1. Work out how much length ARG468 to PHE124 would gain on full extension: take 0.36 nm times their residue separation and subtract the Cα-Cα distance, in nm to one decimal.
2. Taking a 1.4 Å probe, which of PHE450, PHE333, PHE49 shows the most accessible area, and what order do the others take after it?
3. For the stretch 389-418 and the stretch 169-197, write down the distance between their C-alpha centroids in whole Å.
4. Report the full-extension gain for the segment GLN248 to MET441: residue separation times 0.36 nm, less the Cα-Cα distance, to one decimal in nm.
5. Which value in nm describes the separation of the simple spin-label points at LYS227 and PHE341, placed 7 Å from the Cα toward the beta carbon?
6. With a point put 7 Å past each Cα toward its Cβ, work out how far VAL97 is from THR73 in nm, to one decimal.
7. To the nearest 10 square angstrom, what accessible area does GLU236 show with a 1.4 Å probe?
8. On the principal axes of its Cα set, how long, how wide and how thick is the stretch 122-222? Give whole Å, largest value first.
Amino acid sequence: MQPITEPSTSVTLTGIESRRQKPPIIRPTSKAGHQYLAGAISNFGVFCFGTTIGWTNIGHNLVSQKAYNVELTKDQWEWTNSMLPLGAACFCMPMGVLMKMYGCKPVMLFQMFPYVLGWSLLTFANNVYMVYVGRCVLGICGAALCVAVPVYNAEISRQHQRGAMISVFYGALVYGAVLNNILSEILSIKYGNVTCTLMALLCLSVTLIPESPSYYFLHGQLEKARKSMRWLRGDEYDINTELELLKQTLKRSDMELHQSCWGFMHNKINQRSVPRATILLMLYHISGGVIIMGHMGDILVQMADSSFNIYVMWLCVSMCLGHLICLLAVDRFGRRSLLLFSSVVMFMTSLFLCVWFKWMRSESWRWPALLSLFIFVASFSMGFGPVAWILYVELIPEHMRPFGCALAATISWLFATLLNIGFLFSVGHFSIFYFMLIVCMLGLLFVVIFIPETKNITSDEVQQVMKRGVFNDEHSSDDSF
């Protein structure tokens, strides 16, 4: 064995000296209060928009009584329900263009104008056409929010908190709808509309939060990106790792940043991610989104005539409880697990409701049917409701989200419009549960075959998983979709 020589000693000293020159490591013990504050403020507009969705659940009042000098027939009410998703579908792509050019924050501020205009038309409507136009204008507000807010929350959140942050979007819709149901009980319809209009003042708080760091990085404004990240993470957090990741994303996507609205679809990754996101949002609408938010009141009237208000309250509790479970579990158990569990429970409860409506529709069997309905609503709010909006953002590459998310939202809102129009020709609202059996089974198969797990991985890693296949098998390929 050779003795230790001087060169080895010098190498050791050099290593020690180099370690002394390194700056101290700042551990990521950030106070995440600013991140959560930004997420909450960005969803104030979504909360307000939730009141416009919950407004449709008081349709039995509008049909049975004269409201704001307008008396709506049943068919006119169904057309009124269809106007909001139609307005959203028409304006999702323009909102995507605005978000790409100016960022998420201006789009979230812009939605205040159609929100106030739409509610004003509903409040002072003296004919059915003002109601139609008001609902269509409110759809513009929904188009802006569904494109900008989930993307903004994904871009400002830390990796292991991203699912919970995006799920607040669905939660805000639910809580807004619940608020509208409460207002309809304690105020007249007209004063309830005025209250919802004044809630637009909450949206002014968006001016207090920064634009997302990703927008600044993807537009070459590096110093603004650093300031935004510092505001979100706090002074004690080492932001260099996240900034370096954003810089790498910018380098890889530099050739695609200036693609046209339609040219981005020639990218093979987009050809896989955008259809998946679109189908997820379509499943969201047909597996419960349109029914729960727009027609559950009519279904409850048929199931519980005597204690309608009590059951509406339990319905609201079920929605809120389901979302809270998702909020706590989505970053721990993963997106696929919640989707699969939700699909199975919704299938079983839909099956029981189909059997009940067909053969056991009597007083003695009313409680089991109502319990199944509440479980159905809770499982939807735990799974497909929020998780569809989470994956809608996570599956699409970061630099392509303005166009990709806008296109997916456009198609899904069009599908929601068709589904609402379909209620005009349905024999009874309960017949939708027969359709739900097929939808839940197809949704289960779609998740198993085409949807990867995106928990705790970056946007680039999501695309790599999608290239390999959804089962994390490096030797598998996924060229079928």
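1. 118.3 nm
2. The most accessible residue leads, giving PHE333, PHE450, PHE49.
3. 27 Å
4. The span from GLN248 to MET441 would gain 65.5 nm if fully extended.
5. 4.4 nm
6. 3.9 nm
7. Near enough 100 Å² of accessible area.
8. 52, 25, 21
The values are calculated or read from the model by the stated rules, or taken from the named source; none is laboratory data. Note that this is a predicted model, so its numbers are computed, not measured. Every residue, glycine as well, gets a Cβ built from its backbone with ideal geometry; the counts of neighbours run over all protein chains shown. Accessible surface is based on the protein model in full, side chains and every heavy atom, while ligands, DNA and RNA are left aside. Shrake-Rupley method; radii C 1.70, N 1.55, O 1.52, S 1.80 Å.
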